[in-house]
Structures are given as structure tokens and as C-alpha cells.
Amino acid sequence: MLASRAVAEPLIVPSAEGREPRPVLGYVMVMTAATLWAVNGTVSKVILTTGLSSLRLAQIRSTGAFVLLALALAVTRPEALRIRRGELPYFILFGAGGLALVQWFYFLAIHRLPIGIALLIQYIAPVLVALWARYVLHEPVRRRIWLALLLALTGLALVVEIWSGVSLNAAGVAASLGAAGSYALYILLAERRIGERDPISLVCLGFLFASILWAVIRPWWGFPGHLVGEDVSLHGHLSSLHLPVWSLMAWMILLGTIAPFGLLVAALRHITATRAGIVAMLEPVAGALVAWAWLGESLGGVQLIGAAIVLGAIFLAQSAR
């Protein structure tokens, strides 16, 4: 089912097994995914301090996720790994254009911008989804959805205190905009196929083509393997703790990639792409909380007001029947 129609109807994408959508479950899935991504932002930034490039980090994330998911499916449901001929163009676009690029652009952005600013720009994506539905596919988008998007972006601007005089790096802004476009593409493509495939095989095969793309661009034989076994400080309040880089990479792959991407795709069986995008705006709010608890970054009254506005926007989107 097309995402445009998803904006107009509250329940659109039944599961392949014919189960009725459960909106509350869908919201919980997206909120959990947003929280895991928020923690993963700090984990990834710690890994990047070792000198590993953004492209290599995206390569590890995609390839590690594909290998683990493929092994699980090979043991439990090997037929789910088959790609029909007609599906090939879809998975190339979904994997290389969506999953691969959204990660790479995000890592490039947080290398050059504060995480909160990078996420604020990236979360223009739900607006792009709504605009695509309204002006490309000519489907109605309810007024409350537009108001919810405006409120969510306003709340995010308060959370990251965008007026505080941060000097924005042009390359970082461009990377964040690229992440926004890739994220919107990922959500729209995932919703289109979720009625035909289960979330695990959909994400797994997407990561297959993301992995192929990175292997072509940056072959594995040049990978700086010596970095994997090194210890790195966790910085901030945890600076006295050191962990091997491979353990942080394992967290990034399992809880920072497989779990949240799978949760978001599964949630599209229960809520629309536009609503999923709005709820995922919890990520910058959760990211600010993680930065406060882990890195000791300040969290003032204005930021708390911004977080409350984002939550209000999510409830408003849910009420747009």
C-alpha cells in the first residue's frame, strides 16, 4: 500500500498473516527504536574517536547486521532469503539508497555538527514524507498532521537550542539533509513492501545490498583491523571506563541497528509512515537525555519544554483520525 494513502487512513497495512493492526504496539515499537538510535549516536561518536572513517563505520554496521540476520533466517526460515526477480530493483533502491546512505550521511553529519543539530535537520524527513503524499501522489493529508509536524520541529529546535550561536559546518548541514532524504526514502519504501514480506527478511535483504555497495566502494582488504582490538575511553561521566572497540561495534550492530530498524519496519504494519516519522522525532529528545546522563551536557528548562512539545505533537498526530 502506498504511503500516500497511509497518511489519509489510520489503518492501512495489514500483516502478511492477516492480523489486525495494533496502533499502540506500533507507537511503542517506534519509541523503542528512537531510544535505541539515540544511545547509538553517542556510542558511534565514541567509535569515531578511534580514527575509523564514517564510511567504514557504516560498512561495519550494514555488513554486521546482514550477516547476523541472514544466519538467523538461514536456520529458521531459509525461504525468506529468496529474492524474486521482480523484487531486485526494489531491494537495490531500498538497501543502497535508503539503509546505506541514511547511515553514512548521519555519521558524516555528527562528525561535523553537534548530534542534536544533525538530528534536527535529519528529522525534516517526516515533512518530506507528508509532502510526497500530498503533492506527488495527490493524497489528502489531514491538517492535524501538518500542525503536529510543525510542533515537533519547533520542539526539536528548543531541545537543541538552535539559537545558541552554533556555527554550522556547510558539509555537516549537507550531510544532514542527505540523511533526511535517505530516511524519508527508507520509510516510504519499507511501508510499500511490509504487507508482502516480514520485517526481518525485509531489513536483512536491504542490508545485503547496503553491504554490497560499501564493499565495492571500500573493499574489505583495506580495513584497519588493528583498531578493533584497541581500548577506547567512553568519555564524559564514563571517561574512567575503557572498553574494546569491538564491544562497542557489537552494541552498534545488535542494539543500534538490527533492533531499531526491525522495530520501525514492523511498526509500519500498525501505524502509517507519516505517524511513524513523527514518533521517531523522539530520537533527538532521547539523545539530549543520553548526552546529559552520559556526557554531562546541560539540560535546561527550555529543553524540557521542547521535549514536552514533541510529545504533544505525537499525541496530536495520533488523534488525526
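The values are calculated or read from the model by the stated rules, or taken from the named source; none is laboratory data. It should be emphasised that the depicted structure is a prediction, and the values quoted were computed from it without experimental measurement. Please note: Cβ atoms are built from the backbone with ideal geometry, for glycine as well, and neighbour counts cover all protein chains shown. The protein model used for the area step is the full one, side chains on, heavy atoms only, and it has no ligands, DNA or RNA in it. Shrake-Rupley method; radii C 1.70, N 1.55, O 1.52, S 1.80 Å.
List of remarks:
- Test: residue in region 187-194 that is charged (D, E, K, R), open to solvent by less than 50 Å² (accessible area, probe 1.4 Å) and either assigned to a helix (DSSP H, G or I) or modelled with pLDDT under 80 (or both): yes
- Flag if ILE145 is closer than 20 Å to ILE271 by Cα, open to solvent by less than 60 Å² (accessible area, probe 1.4 Å) and modelled with pLDDT of 70 or more: yes
- Scanning region 258-284 for residues that are hydroxyl-bearing (Ser, Thr, Tyr) and in a helix (DSSP H, G or I) yields one hit, THR274.
Conditions tested, residue by residue: (1) of a type in the set (D, E, K, R); (2) surrounded by fewer than 20 Cβ atoms within 10 Å (Cβ to Cβ); (3) touching a Ser or Thr at 6+ places or on another chain (Cβ under 8 Å).
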residue	(1), (2), (3)
ASN169	no, yes, no
ALA210	no, no, yes
TRP214	no, no, yes
ILE217	no, yes, no
VAL228	no, yes, no
SER233	no, yes, yes
PRO244	no, yes, no
PRO260	no, no, yes
ALA266	no, no, no
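- Taking the listed residues ILE60, ILE92, the one that is open to solvent by 50 Å² or more (accessible area, probe 1.4 Å) and either closer than 26 Å to ALA109 by Cβ or under 22 Å from the mean Cα position of the chain (by Cα) (or both) is ILE92, with no other qualifying.
- Candidates ALA65, ALA72 - the one that is crowded, with 19+ Cβ neighbours inside 10 Å and of a type in the set (A, V, I, L, M): ALA65
- Flag: VAL136 matches the condition of being open to solvent by 60 Å² or more (accessible area, probe 1.4 Å), among the hydrophobic types (A, V, I, L, M, F, W, C) and either at pLDDT below 75 or more than 23 Å from the chain's Cα centre (by Cα) (or both).
For every residue, the table says whether it meets (1) farther than 27 Å from LEU289 by Cβ; (2) open to solvent by 20 Å² or more (accessible area, probe 1.4 Å); (3) touching a residue at least 40 places away in the same chain (Cβ under 8 Å); (4) within 17 Å of the chain's Cα centre (by Cα).
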residue: GLY172; (1), (2), (3), (4): no, no, yes, no
residue: ALA175; (1), (2), (3), (4): no, no, yes, yes
residue: TRP221; (1), (2), (3), (4): yes, yes, no, no
residue: PRO224; (1), (2), (3), (4): yes, yes, yes, no
residue: LEU241; (1), (2), (3), (4): no, yes, no, no
residue: THR257; (1), (2), (3), (4): no, no, yes, yes
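- Among the residues here, PHE105 does not qualify as closer than 20 Å to TYR186 by Cβ, open to solvent by 20 Å² or more (accessible area, probe 1.4 Å) and touching a Cys at 6+ places or on another chain (Cβ under 9 Å).
- Near pairs, Cβ below 8 angstrom, 6+ apart or cross-chain, from region 32-49 (on the phi < 0 side of the Ramachandran plot and open to solvent by less than 40 Å² (accessible area, probe 1.4 Å)) to any residue that is modelled with pLDDT of 85 or more and of a type in the set (Val, Ile, Thr): ASN40/THR257; VAL46/VAL232; ILE47/VAL232; ILE47/VAL245
- In region 195-204, the residue that is least open to solvent (accessible area, probe 1.4 Å) out of those that are within 16 Å of LEU69 (Cβ to Cβ) and more than 17 Å from the chain's Cα centre (by Cα) is SER201.
- With respect to the conditions (1) in contact (Cβ under 8 Å) with a residue 40 or more places away in the chain; (2) assigned to a helix (DSSP H, G or I), VAL232 falls short on a single one, namely (2).
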